[in-house]
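The values are calculated or read from the model by the stated rules, or taken from the named source; none is laboratory data. In this text, all values refer to a predicted model and were calculated from it rather than measured experimentally. With ideal geometry, Cβ positions are generated from the backbone for all residues, glycine too; neighbour counts draw on all protein chains shown.
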Amino acid sequence: MGSAPIASAIAGAGLAIAAVVAAGCASSAPHEFGQYNNLGPKVEATRGEAMPQHITVQLDKPANVAVFLVVPGRATVLLFPGDSTDDQHIQAGAHVLSTSLAGVTVTDSARFNRRPPTGTGSSVGRGGVNQGRGGRGTNGRDTLPGFGFNQHGYLLIFAAQQPLPYRTLATRVAGLSVPIDDDDAINTVTKLVRERTGLTGTWAAYSTDFPP
């Protein structure tokens, strides 16, 4: 994984974690999407980790998998695959996976928790992608402001029978700010994966609170 994707992942996660760790009390039932009864994907965070460095992924059937950290109103972080060399095809059953944040310390992520210049970055609203002055190159570090006290987030797993191109996930889904409404945020990321990977086969998605 190159230095730019690593910096982007640390940046986005550092800012997102500042939001979700402070909250801890906002909760909702898991969301299920697509042909859920066919693939049955689930994802769980490893308890005790301030950042989702390791996750448990469970599938009823083998599938190609992508996992995101979604914080309403903020930029989405691609947790798995961590880079283009990760095998995203996961067998049925439960598997503990390292994420793109494995080895990143809270101190490392805190370095990126700063307020960016106004008007940079990209976002996704109900009308599509909105580009700011910063364009696509800004990513999480430059697009996310400081978080309020009651921010929270979600782990979202997307499973499909056809491959999910890493480059598409990393550049056309991750790094985009999503709507501030919880359901809209999760729905937006799910829709982006489907549309931007050109998905045509069986797929399913599932989200759960982070932190758990």
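With a requirement of 1 or more residues that are crowded, with 22+ Cβ neighbours inside 10 Å and touching a Phe, Trp or Tyr at 6+ places or on another chain (Cβ under 8 Å), the strands (runs of 3 or more DSSP E) lying completely within the range 62-103 that satisfy it span 63-70, 77-80. Do you know which residues across the range 30-52 are outside any strand (DSSP E or B), at pLDDT 95 or above and under 22 Å from Val178 (Cβ atoms)? Hits for the range 30-52 are Tyr36, Pro41. Close contacts from the range 84-97, counting a first residue that is without any contact (Cβ under 8 Å) to a residue 60 or more places away in the chain and a second that is of a type in the set (Lys, Arg) and surrounded by 10 or more Cβ atoms within 10 Å (Cβ to Cβ), with Cβ to Cβ under 7 Å and a gap of 6+ residues or different chains, come to Ala92/Lys61. Restricting the range 43-61 to residues that are within 26 Å of Gly201 (Cβ to Cβ) and polar (S, T, N, Q), the residue that is surrounded by the fewest Cβ atoms within 10 Å (Cβ to Cβ) is Thr56.
Scanning the range 161-198 for residues that are over 20 Å from Gly73 (Cα atoms) and surrounded by 22 or more Cβ atoms within 10 Å (Cβ to Cβ) turns up just one, Leu164.
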